[in-house]
Structure formats: C-alpha cells, structure tokens
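Inspection log for the structure reproduced underneath, given as structure tokens.
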Amino acid sequence: MGSDTLIDANWLDYLLVAIYFGFVLGIGVMARRSVSDSIDFFLSGRSLPAWVTGLAFISANLGAVEIMGMSANGAEIGLPTVHYFWVGAVPAMLFLGVVMMPFYYGSKVRSVPEFMLRRFGTGAHLVNAISFAVAQLLIAGVNLALLAGIVSALLGWPIWIALIVAGVIVLSYITLGGLSAAIYNEVLQFFVIVAALAPLTLIGLNRVGGWDGLTDKITAAADGAPVDAGVPPAEQQLESWPGQALAGFDSELLSVIGIVFGLGFVLSFGYWTTNFVEVQRAMASNSISAARRTPIIGAFPKMFVPFIVIVPGMISAVLVAEMVELKNGGTPSGGAAGDVTYNDALLLLMRDVLPNGLLGLAIAGLLAAFMAGMAANISAFNTVFSYDLWQRYIRKDHDDDYYLRVGRLATVAATVIAIFTAQIALGYDNVMNYLQTLFGFFNAPLFATFILGMFWKRMTPTAGWVGLVFGTLSAVAVDRLAAAGVFELPGQGVAFLAASTAFVVDIVLSVLVTLVTKPKPASELKGLVWSETPREDLVDPDEAAMPWYQRTIPLAGVALAMVIVLNVAF
Amino acid sequence: MSSDTTAGQSGTSARKAGAFDVRNIIGALMGVYGVILVLAGLLGEHEPEKTGGVNANLWTGLALLAVAAVFFGWARWRPIVVPADPDRPDDDPTRPAPRRKRPPAH
C-alpha cells in the first residue's frame with residue numbers, strides 16, 4: 001500500500017498529527033468542563049494580550065486560501081503573488097484598524113447581516129443573509145476539497161471517498177468540541193504552520209542552491225518553456241511590479257491599475273473589512289483601542305507570510321518533476337485529485353524534500369488549517385441560517401432548544417452540501433482563481449454597499465438591496481462571459497475585473513435608486529452612519545497616555561512603512 | 001506552575017494563569033514536537049537525498065525547543081493575571097459544540 005500513495009507517511013508522522021489533535025480536543029474538553037478559571041479567561045476573550053488576538057486574527061485566515069492558494073499561485077506566476085499580501089491584505093488590515101474598527105466597536109454590530117438589518121431594514125438583510133450563507137457553503141467546499149486532497153495523498157484513496165471521509169472528519173471535529181477552544185486553537189495552529197513551512201522553505205532553498213539558484217532555475221525554465229504553455233517570462237515571475245502575470249493585462253499601466261484597484265481596493269478591502277469571522281476576533285477586546293490594534297498587530301506577521309507560502313510554490317515549480325512538466329504544458333498524472341494541478345505544488349514539494357518526522361508536522365499543520373477553516377465556514381453558515389434566516393423569516397418565537405436543534409441539522413446539512421460544492425472547486429487547477437472569483441461575487445458588492453451606507457446618510461433601504469443584488473449579478477455576468485470565451489484574461493484578471501464591475505455597478509445603482517426613494521430618518525442611524533455617530537464614541541480617551549508602540553496610528557504608520565519597503569525591495 | 005488550582009479553590013484574589021496560559025500551551029506543544037524531532041534526527045534515517053544533506057529533523061527539533069524555552073520563559077517572567085472572577089465565555093452560537101454545563105446566556 002505504501003508505494004501507491006502520493007505521500008509516504010509512517011508511524012512517526014501519524015504520531016505528530018495525533019499529538020496535535022490531542023492538544024486541541026483536550027483543551028476543548030477542559031473548556032467545557034470548566035476545569036480552570038484560566039481557560040475561561042482566555043476563551044471569554046476580554047483583556048487578552050494584543051499579540052494573542054492579533055495572531056488569532058491572522059490565523060483565522062491562514063487556511064486554505066493562504067497556504068494552498070498562494071503556493072499554487074507562486075508556482076504558476078511567481079513573485080507577483082506577493083501583491084495579495086503587500087497591496088492587498090496588509091493595507092486593508094491597517095484600514096480596518098484605523099478607520100473601520102472604531103465604528104464597528106462603537107456601534108456594537110456583531111455580524112454583517114445585523115448591520116444590514118439595522119442600516120437598511122429587511123430587504124438588504126434577506127439578500128445579504130442568503131448570499132452570505134451561499135458563500136460559506138461554496139468556500140467550505142474549497143476547504144473540504146483541499147482536506148480531501150491531503151487524505152487522498154496520504155492514503156491513496158479515490159477523491160470521492162476522500163471527500164466523504166474528510167466531511168466525516170470535520171463533522172466529528174465540530175461534534176467533539178473542536179471549536180470550543182477557539183483562541184488556543186488559532187494561536188497553536190499559527191505556530192504549527194510556521195514550524196512546518198519555514199523548514200520546508202529553507203530546505204527547498206537549500207536544494208535549489210539558495211535564492212540565486214532559484215532565480216537562475218526559474219529564468220532557465222521560463223526561457224526553455226514551449227511558447228504554447230503560456231509561461232510568463234522570467235522577469236515577470238521574479239519582480240512583483242508591474243505584475244502582468246497576475247493581473248492578466250499586457251499593458252504595464254493597466255496591470256498596475258488592475259492590481260491596485262481590483263485586488264488592493266475592492267477585493268482586499270472588501271474581504272478584510274466585511275469579513276466578520278475575523279472582525280469578531282478584534283471585537284472581543286476590552287477597549288476600542290485594543291480592538292483597533294488587533295488587525296494592526298496582525299499585519300506585522302502577515303507581511304512575512306508570503307516568504308513561507310509563495311517561495312515554496314516557486315521552488316516546487318522548478319524542483320518537482322511533475323510541476324516542471326505541468327508548467328511546460330504537460331498533463332502529468334498522480335496529483336491529489338487525479339491529474340497534477342498547481343494546487344498540488346506544496347504537497348509535492350513536501351513529498352520531495354521533507355524527511356519523515358517533519359513531514360508529519362507539515363501534515364498536522366495543513367490538516368489543522370483546512371479543518372478549522374471549514375469548521376469556521378460551517379459555523380458561520382449555521383448562525384446565519386438558524387438565526388438570520390430560519391428564526392426571522394420562517395419560524396419565529398420558538399424556544400432556544402428549537403433553534404439549537406435547527407443549528408445542529410444545519411451543520412450536518414452544510415457538510416453534506418459542501419461535498420458537492422467541493423466538486424466545483426476540484427474543477428479549478430489553481431484554487432486561487434476560484435476563491436478570488438467567489439470573493440468578487442460576494443464581498444465586492446457588500447463592501448460597496450457597506451462603505452456607501454456608512455458614509456452617506458441619505459442612502460435608502462431600497463438602494464441597499466438593489467445594489468447588492470445587481471452588484472452580485474454583474475460580477476456573475478462578467479465571470480460567465482469570460483467562461484464563454486467572449487474575452488480572455490489570464491491569471492486572476494477575470495476575478496479582478498468581476499470584482500471591480502460589481503463594485504462600480506453597486507455604487508452607481510445605489511446612488512441612482514437613492515435619488516428616487518425615501519431615506520430613513522436620521523434618528524435611526526446613530527451608530528450606523530459616520531456623520532450621525534458622536535465622535536467620542538469612536539476614540540479611546542486613554543490612548544493618548546500610552547507609549548507610542550501601544551497607540552493605533554504610530555503602529556499603523558510603522559507597518560505601512562515596512563510594507564512599502566517590501567514593495568520596493570521585491 | 002500548577003499552583004493555580006489550589007489558589008482557585010479559595011477564589012478570593014487575582015492569580016496567575018499558570019499551566020493554561022496560552023504561552024505555556026504553545027511552549028508545551030512546541031517542546032513535545034522538538035523532543036520528538038530531535039530524537040528522530042538522532043536515531044532515525046537521515047534521508048539526506050531529500051534535504052540536500054542537512055539533518056532537517058534535528059535542526060528543526062532544536063529550533064522548536066528554543067521556541068518552547070522562549071515561551072515558557074516569557075510566561076514565567078511576565079505572568080498573565082487572571083481576575084478573581086473572570087467572565088465565563090458564552091456558548092457561542094457561531095461555534096457549534098457540545099454544550100457547557102450550564103444554560104447559555106441567550
């Protein structure tokens with residue numbers, strides 16, 4: 001059996017995986033039995049040290065997208081992938097901390113649908129709740145597909161059996177209480193992933209002869225690749241700007257605009273500022289100033305994550321035989337889900353360079369990330385389905401136990417549905433393309449409605465739902481037109497274009513509809529619209545007395561300066 | 001480090017987070033992994049053809065032990081103080097799990 005599996009794990013590797021799950025589930029059990037006040041203290045999340053909430057904040061996102069998506073992208077197009085971090089995530093996290101967080105914290109909004117309900121009423125709430133629930137099911141499918149890929153690579157089972165097994169694993173993780181020790185899990189997960197990926201990167205660099213060896217090999221591979229394989233020229237793979245390989249435009253200017261507006265502004269700001277799965281980590285802080293610092297502190301480790309996810313992808317593309325063949329236009333067999341795709345870049349590199357032992361550490365990190373990622377999607381779906389949809393629109397006024405039972409059924413149903421949505425994800429040979437497409441459908445219009453609704457008090461309830469509906473539909477239309485071959489953009493260009501279209505359509509329609517419909521009275525908008533919220537609700541009076549490294553703005557300034565240096569250096 | 005359990009029974013004053021301080025948990029996991037990897041590096045197969053000649057298990061294990069020591073040291077040097085009566089976390093409806101041994105807040 002050992003020889004026909006993609007990854008040759010032995011008892012030592014399984015031991016390391018088992019230890020991780022022992023830790024995570026053990027803390028979960030102790031938390032529910034309330035064996036120690038200390039656990040309650042950490043899980044209630046108040047007055048936690050900022051580095052803990054900051055790490056939990058990025059760890060909640062360091063899952064499938066980051067690890068597999070970014071390494072797949074690194075293998076396919078090289079260094080321009082860093083824009084997801086240095087133009088996308090980090091500035092967006094700083095914006096969240098400096099501008100948006102005081103507002104969220106002050107208004108005590110706990111979820112996106114809740115904001116929609118209070119700002120725009122039921123129309124926008126219903127649209128947003130349905131679209132959020134669908135998005136969670138689709139993204140859960142991505143996590144499940146990647147998890148199944150690992151199961152299949154380890155055990156050599158066909159992908160559809162692996163999908164079911166992976167679904168059962170996630171369900172038992174949820175049922176055993178894997179989510180009840182959240183803060184501990186997230187922080188542990190961060191360290192396990194770094195402990196696995198940092199050696200992988202260093203050993204990989206050692207094998208290819210250091211950074212110089214890597215650039216030489218990428219240059220040689222790009223020069224030697226057949227023209228019809230569509231490999232970006234070496235200078236585009238090794239320099240982050242202007243990033244034509246990522247944006248898909250031939251023109252340097254259009255490429256920069258596409259990256260800054262499409263990826264940086266619409267997709268990343270949309271993702272980070274409306275993603276309450278993450279925002280809630282910061283909302284748990286004990287002061288407005290700590291809540292603002294959470295994403296900013298998270299931004300510091302975040303800017304160095306590309307070195308351990310993108311660089312291994314680039315190494316894999318020149319070191320692993322199957323990846324070299326794939327990049328030259330071949331269709332090597334033997335990937336986690338049938339033929340090798342870019343999504344396999346990291347798994348194949350692990351197979352080739354990690355000895356047993358370190359291999360187990362890496363498997364533990366990946367399993368943890370995808371499982372926690374999918375569990376988070378499922379639980380987000382569960383909340384929105386049971387409370388925002390079922391309780392509000394279908395069966396009102398039942399007791400708490402009733403909604404808990406509905407929630408449990410929703411959890412099982414969501415896992416089953418994810419097995420099917422995983423099939424869609426498996427159809428993409430670079431999962432990053434799919435994820436960015438989804439974010440364009442769901443997050444871009446949401447961000448537009450959010451930001452307009454927060455800063456423009458006249459925006460009407462009708463405009464709220466009309467903008468959302470047509471923003472999403474326009475993004476889907478752009479994606480389908482591209483799929484039908486009406487126009488063609490390589491890289492993630494289609495996703496950037498779809499997101500930008502959704503954003504613009506949403507803004508334009510919202511403004512037009514607002515002009516002909518009736519706004520809400522200003523008295524109902526306190527805490528929801530910038531101009532109607534008292535300034536003192538938005539600042540922490542104690543912050544001025546703290547040293548500079550505990551204040552929001554100086555800290556954000558340092559992070560911004562560092563990320564600009566990184567942009568210039570690469 | 002387990003003195004917090006006895007102090008917990010009196011329940012009158014603030015005390016250190018002790019063994020369940022998240023830094024000690026990180027230190028414990030990294031430490032266990034470090035020991036296993038160092039042993040694997042010393043006793044197991046080298047597999048130098050994979051790593052390019054480096055004993056990767058041994059070096060990673062040593063690095064993890066160093067990380068573990070830093071976290072244990074940090075937790076000792078600057079203990080987190082838990083208030084006498086910390087907020088009990090609610091059963092978070094967004095995180096489905098077996099219920100705690102008390103009714104949820106909502």
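At-a-glance table
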read-out: Scan of the range B:15-45 for residues that are closer than 12 Å to A:G357 by Cβ, modelled with pLDDT under 90 and at the interface with another protein chain (Cβ under 8 Å from one of its Cβ atoms), ordered by number; value: B:G44, B:E45
read-out: Selected residue (only one of A:T449, A:T460 is surrounded by fewer than 24 Cβ atoms within 10 Å (Cβ to Cβ), within 24 Å of A:L509 (Cβ to Cβ) and either away from chain B (no Cβ under 11 Å) or at pLDDT below 90 (or both)); value: A:T460
read-out: Enumeration of residues in the range A:47-85 that are buried (at least 24 other Cβ atoms within 10 Å of the Cβ) and among the aromatic types (F, W, Y); value: A:F57, A:Y84, A:F85
read-out: Residue count for the range A:360-400, restricted to those that are within 11 Å of another protein chain (Cβ to nearest Cβ) and β-branched (V, I, T); value: 3
read-out: Some residue of the range A:261-272 being more than 17 Å from the chain's Cα centre (by Cα) and surrounded by fewer than 24 Cβ atoms within 10 Å (Cβ to Cβ); value: yes
read-out: Qualifying position, being farther than 12 Å from A:L358 by Cα, more than 8 Å from chain A (Cβ to nearest Cβ) and either without any contact (Cβ under 8 Å) to a residue 40 or more places away in the chain or among the basic types (K, R) (or both), among B:P79, B:P48; value: B:P48
read-out: Which numbered condition A:I218 fails, given (1) part of a helix (DSSP H, G or I); (2) more than 24 Å from A:R351 (Cβ to Cβ); (3) modelled with pLDDT under 90; value: (2)
read-out: Hits in the range A:479-503 - residues which are touching a residue at least 24 places away in the same chain (Cβ under 8 Å) and hydrophobic (A, V, I, L, M, F, W, C); value: A:L489, A:V494, A:A495, A:F496, A:L497, A:A498, A:A499, A:A502, A:F503
read-out: The one condition in (1) buried (at least 24 other Cβ atoms within 10 Å of the Cβ); (2) without any contact (Cβ under 8 Å) to a residue 24 or more places away in the chain that A:V231 fails to fulfil; value: (2)
read-out: Segments classed as helices (runs of 4 or more DSSP H), wholly inside the range A:316-429, with at least 1 members that are under 19 Å from A:I7 (Cβ atoms) and within 23 Å of the chain's Cα centre (by Cα); value: A:345-353, A:358-383, A:400-426
read-out: Residue tally, condition at pLDDT below 80, at negative phi and out of contact with any helix residue (DSSP H, G or I) (no Cβ under 9 Å at 6 or more places or on another chain), over the range A:224-252; value: 3
read-out: The range A:149-166, residues that are crowded, with 23+ Cβ neighbours inside 10 Å and under 22 Å from A:V412 (Cβ atoms); value: A:A162, A:L163, A:A166
read-out: Search result, residues across the range B:1-14 that are at pLDDT 50 or above and aliphatic (A, V, I, L, M); value: B:A14
read-out: Condition met for B:G73 (more than 10 Å from chain A (Cβ to nearest Cβ), modelled with pLDDT of 80 or more and more than 22 Å from A:G22 (Cβ to Cβ)); value: yes
read-out: Contacts under 6 angstrom Cβ, first residue in the range B:13-40 being in a helix (DSSP H, G or I), partner modelled with pLDDT of 85 or more and hydroxyl-bearing (S, T, Y), 6 or more apart; value: B:L37/B:T60
read-out: Residue ID - farthest from A:F191 (Cα to Cα), chosen from residues in the range A:336-359 that are at the interface with chain B (Cβ under 9 Å from one of its Cβ atoms), touching a residue at least 12 places away in the same chain (Cβ under 8 Å) and buried (at least 24 other Cβ atoms within 10 Å of the Cβ); value: A:V353
read-out: Pairs with Cβ under 8 Å, 6+ apart, first in the range A:298-325 and touching a residue at least 40 places away in the same chain (Cβ under 8 Å), second surrounded by fewer than 22 Cβ atoms within 10 Å (Cβ to Cβ) and among the acidic types (D, E); value: A:L319/A:D352
read-out: Helices (runs of 4 or more DSSP H) enclosed by the range A:85-184 - at least 3 residues per element that are modelled with pLDDT of 85 or more and more than 30 Å from A:R551 (Cα to Cα); value: A:112-120, A:122-155, A:159-175
read-out: Filtered residue count, the range A:505-542, keeping only those that are in a helix (DSSP H, G or I), of a type in the set (G, A, S), more than 13 Å from A:L452 (Cα to Cα) and touching a residue at least 12 places away in the same chain (Cβ under 8 Å); value: 1
read-out: Per-region count, the range A:182-204, residues under 21 Å from the mean Cα position of the chain (by Cα) and buried (at least 19 other Cβ atoms within 10 Å of the Cβ); value: 15
read-out: Selection from the range A:471-497 of residues that are at pLDDT 90 or above and either among the polar types (S, T, N, Q) or touching a Ser or Thr at 6+ places or on another chain (Cβ under 9 Å) (or both); value: A:G471, A:T472, A:S474, A:A475, A:A477, A:V478, A:D479
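The values are calculated or read from the model by the stated rules, or taken from the named source; none is laboratory data. Keep in mind the model is a prediction, meaning the values are calculated, not measured. Virtual Cβ from ideal backbone geometry, glycine too; neighbours counted across all protein chains shown.
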